[in-house]
1. Over all directions, the average projected area of the alpha-carbon convex hull for segment 31-82 comes to how many nm²?
2. First measure r as the distance between the Cβ atoms of residue 73 and residue 37, then evaluate 1/(1 + (r/R0)^6) with R0 = 41 Å and state the FRET efficiency to the nearest 0.05.
3. So what J values fall out for segment 58-68 if you push phi through Karplus, 6.51 cos²θ - 1.76 cosθ + 1.60 with θ = phi - 60°, rounded to Hz, Gly and Pro as x?
4. Would you work out the Kirkwood radius for segment 36-146? I mean one over the mean of 1/r across all pairs of different Cα atoms, in Å.
5. At 0.36 nm per residue, and after removing the present C-alpha to C-alpha distance, how many nm does the segment from residue 58 to residue 125 gain when stretched out fully?
6. Can you tally the net charge around residue 80? Count Lys and Arg as +1, Asp and Glu as -1, for every other residue whose Cβ sits under 14 Å from the Cβ of residue 80.
7. To the nearest 0.05, what FRET efficiency results for residue 99 and residue 23 with a Förster distance of 30 Å applied to their C-beta separation?
8. If we count every other residue with Cβ under 15 angstrom of residue 63's Cβ, Lys/Arg +1 and Asp/Glu -1, where does the sum land?
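FYI, it's all coordinate maths here, none of it is from the lab. Predicted model only: the values in this text are computed from it and were never measured. Positions of Cβ are generated from backbone atoms using ideal geometry, with glycine treated the same way; all protein chains shown enter the neighbour counts.
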Amino acid sequence: MIYLFCGLLAGAALTAICRPLFRKDDTLESAIIEETEWDLLQRKKEIILGNIQDLDFEHKCGKLSDEDYQKVRSELNTEAALVLAQIDQIESSQDLDALIRREVATRKNKAKQATAAAQTACPSCGIQNPATNKFCAECGAKLKVS
C-alpha cells in the first residue's frame, strides 16, 4: 500500500514539474518564436546537406559500394534540389519584408482571436475579463465559471 502511495505521489510530482514544458502558449511572444515555412525548409536543407556529407565520408571509408553510393547520392541530390527550389520560390515570389509583415499580422490576429475567445463578460458591469478570472477586475463581482 505504501509503495502505491509513493508511486502516485512521485507521478503527481513528476506531472507537476513537467506540465509547463509541454504547455503551448498562445501569446504573441510564443507565436514569434514559432517557425515559418521558410525556417522549416532551411532546416531541412541543412539536414540534407549534412546527410550528403556523411554519405561522402562513408563512401570514402569504403563502407558503401559505388552502386549504392550513386543511388543514394542521386536521391539526396534530387531532394536537395526540390528544397532549394521551394526556398527560391518563397524568396523570389515575394518581397521578404512583405512576407515578414504578413506573417506578423497573421500571428497578431491569431493571438487577438485567442484572447477574445478566452474572455467572459461580467454579469454586473459587462466588462470583459480573462476566462481564468473568478471575479471581475472592474467591480469584483463573481464571474460565472463555464
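1. On the way: hull surface 16.2 nm².
Average of the hull's projected areas for segment 31-82 equals 4.0 nm².
2. It comes to 0.95.
3. These are the phi-based 3J(HN,Hα) values: 5, 5, 5, 6, x, 7, 10, 6, 4, 5, 5 Hz.
4. Details: mean 1/r = 0.0530 Å⁻¹.
Taking the inverse mean of 1/r over all distinct Cα pairs, segment 36-146 comes out at 18.9 Å.
5. On the way: separation 67, 0.36 × 67 = 24.12 nm, distance 7.18 nm.
My answer for the length gained is 16.9 nm.
6. Values: positive: 43, 44, 45, 73; negative: 46, 54, 56, 75, 79, 88.
Net charge in that neighbourhood comes out at -2.
7. Values: r = 29 Å, r/R0 = 0.97.
With a Förster radius of 30 Å, E is 0.55.
8. Values: positive: 60, 71, 73; negative: 54, 56, 58, 66, 67, 68.
My count for the surroundings of residue 63 gives -3.
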